[in-house]
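Inspection log for the structure reproduced underneath, given as structure tokens.
The values are calculated or read from the model by the stated rules, or taken from the named source; none is laboratory data. Since this is a predicted model, take the numbers as computed values, not measurements. Cβ placement follows ideal geometry from the backbone for every residue including glycine, while neighbour counts extend to all protein chains displayed.
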């Protein structure tokens, strides 16, 4: 018998998404290609940052965030709302 262990899929709360967006927004000036894409080291930092905000022990659903889940969430959010880095998203 062969068993494969699969990591729990990340669950994204509103706070998690805001944390990711805020992090990427602060990094875009030096790390984005201008089109909202980021190099690999930024995704590594994003994973560490988002997972630090919600430590593993407090996770109620899903597993910790990964580079893939952060990239995927950013792709969905930025595409859905057609966010443009370099413009103010929220006035206040």
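What to note about this one:
- Among (1) modelled with pLDDT under 85; (2) surrounded by 12 or more Cβ atoms within 10 Å (Cβ to Cβ); (3) not in a helix (DSSP H, G or I) - the single one residue 91 does not satisfy: (2)
- Selection from the range 24-53 of residues that are in a helix (DSSP H, G or I), in contact with a helix residue (DSSP H, G or I) (Cβ under 8 Å, 6 or more places away or on another chain) and at pLDDT below 85: 27, 31, 53
- Residue within the range 55-62 that is modelled with pLDDT of 75 or more, surrounded by 11 or more Cβ atoms within 10 Å (Cβ to Cβ) and part of a helix (DSSP H, G or I) present: no
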